[in-house]
Amino acid sequence: MNGRQLRVRFRGVAALAAGLLALTACGGGGGGGDADAEGGDKAASATRSVKHDAGTAEKVPDRPKRIVSVSVTMTGHLLALDAPVIASQATPPSVITDKQGFFTQWSDAAAENSVKVAYQGFEPDVEKVLALKPDLIVGASSGAENAEKFYDKLSAVAPTLLYRHDDVSWQDLTGRLGKDLGLEKRASEVVAAHDKRVGEVKAAITVPKQSAALVRDNQSAMTVFTPESAQGRLLTSLGFTVLEPPAGKGQTQGGRSDFAEFSQEKVADTAKDSSLLFVSHTPEEIAAATARPVWKDLAAVKDKRVYDLGLDTFRLDYYSAGNLIDKIEKAFG
């Protein structure tokens, strides 16, 4: 069973379970209808304080019903949790998005859940968010869609939770969202389904003896993702030895440990005999990179140990991680 089939089956099981729970709740067992309704109303109106990466939000509903995402990155994590997302920020359409500006790895899930485009662009359109009448706003405190400077305005519309997504694994972020949104059980199920898939593919593939260099060609520089990156951790869990970039020879940003950048002249010294696994490139871009003088004589290029991990692998969520696993299974299975 491939990753997409597993995720479809997983959603089906979750939907069936939700239906059974709904029937159980409606079945009651006789009497007490008014008391049950009153209890349900109290549960629906219960709120709490939640600490997040931009502060502490008050009056966060225990069971939010209308979430607006002001981060296209966070939207994928929310959809994987079956959180009630009604609308999301969208980016300008590109090769990694659908025509609305939603990331391709979860655009089908957004359509299935009737998620609307809240606005397009990286700065929150507070008026459009207000018009959607959310009871909770979720966004990012890192990346291009960092909404921290808009936090006060957004909080005036609805309780707002902002999270960093650049220095944590998607599994850890999923667990945190599950806790903060009252979806702990679902979060555990999502991570467990991923782990099961990892185990299946690890047992089915043949891992090359060479280390795996997770790279991005920026033409003027080369980005190398470390074993600490989300991509590096996933490859390690599948049995690969992920290349550790040479210490002190590359540039990092803000002390981050998930990647380093090297000049094109240092490609050979950095990659050495490693297989090349390209993160978020088109096939044409990979062909152009490996045809350059500084790349074409690498052992991996000569031995055809060059692999395309897919366009959606720059930022991993449940969906793109599953797609990456599918790519690894196809390439090394």
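Quick notes on this structure:
- Across segment 161-168, computed HN-Hα scalar couplings (Karplus, 6.51 cos²θ - 1.76 cosθ + 1.60, θ = phi - 60°) run 10, 10, 9, 6, 10, 9, 10, 9 Hz from first to last residue, x flagging Gly and Pro.
- Sequence-distant lysines (8 or more away, or on other chains) whose Cα lies within less than 24 Å of Lys330: Lys196, Lys202, Lys209, Lys302, Lys304
- For Leu162, the residues whose modelled amide H falls within less than 5 Å of its own, excluding neighbours fewer than 5 places apart on the same chain, are Asp53, Ala54, Gly139.
- Net +/- balance of residues flanking Ala158 in space, Cβ distance below 10 Å, scoring K and R +1, D and E -1: +2
- Kirkwood hydrodynamic radius of segment 45-197, from inverse mean 1/r over distinct Cα pairs, in Å: 15.3
- Global dimensions of segment 212-332 from alpha-carbon coordinates: Rg and Dmax equal 13.3, 37 Å.
- Extension gain for Ala111 to Glu228 (0.36 nm times residue separation, less C-alpha to C-alpha distance): 38.8 nm.
- Net length gained if the chain between Lys202 and Asp152 were fully extended (0.36 nm per residue, minus Cα distance): 13.4 nm
- In sequence order, segment 265-282 has phi-based couplings of 5, 9, 4, 5, 5, 7, 6, 6, 9, 5, 5, 9, 10, 7, 9, 6, 9, 7 Hz under the Karplus curve 6.51 cos²θ - 1.76 cosθ + 1.60, θ = phi - 60°, and Gly or Pro positions carry x.
- Built amide H within the under 5 Å cut-off of Phe259, gap 5+: Thr226
- Taking 0.36 nm per residue of sequence separation and removing the Cα-Cα distance, the Ala131/Asp195 pair yields an extension gain of 19.1 nm.
The numbers here are math on the coordinates, done by the rules we state, and not lab data. Just so it is clear, the structure is predicted and the values come from calculations on it, not from any experiment. All Cβ positions, even for glycine, are placed from backbone atoms using ideal geometry, and neighbour counts span all protein chains on display.
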